[in-house]
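One structure is given below, encoded as structure tokens.
Readers should treat all values here as calculations from the given coordinates under stated rules, not as data from a laboratory. Predicted model only: the values in this text are computed from it and were never measured. We place every Cβ from the backbone using ideal geometry, glycine too, and count neighbours over all the protein chains shown.
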Amino acid sequence: MAKKLDDGTAAPRAGHRSSIAIEDVPLVSLKDLRKRARQTQEDLAIALSVGQDAISRLEKRSDMLLSTLRQYVESVGGELALVATFPDQPPVIIDSLGEKKRKARKRRRNAADRGEP
């Protein structure tokens, strides 16, 4: 069974592959992540260009887009990794989920910021 994070210890990095079983990784909420990053809802709202009320609602949601979750995690200084578990097999991290589209959008946005077509 996974453990609840209550002592502030850092979880393993998303890209770090080790012999730690998925059951040993602590369970945290979005609110826990934000507090560990020492950010307020207002701080995060500014970083994500939304209102504080949107952050409050987001932290209570049970279902959201992966892109929304990725933005939240990156805004508190983390990196999102999607782990799939199967019976009788070790957990696997799903690689490059939406990365190509996200990188292309970021390049287009940066070009637009520079006034390029």
Mean shadow of region 48-89, computed from the convex hull of its alpha carbons, in nm²? 3.9 nm²
Scan around Leu82 for amide H atoms under 5 Å from its own, H built in the peptide plane at 1.01 Å from N, and keep only partners 5 or more places away or cross-chain. Ile94
Once phi is turned into ³J(HN,Hα) by the Karplus curve 6.51 cos²θ - 1.76 cosθ + 1.60 with θ = phi - 60°, what whole-Hz value does each residue of region 46-55 show in order, with x for glycine and proline? 5, 4, 9, 6, 9, x, 4, 5, 5, 5
Between Lys31 and Asp88, the FRET efficiency computed from the C-beta separation at R0 = 35 Å comes out, to the nearest 0.05, as 0.55
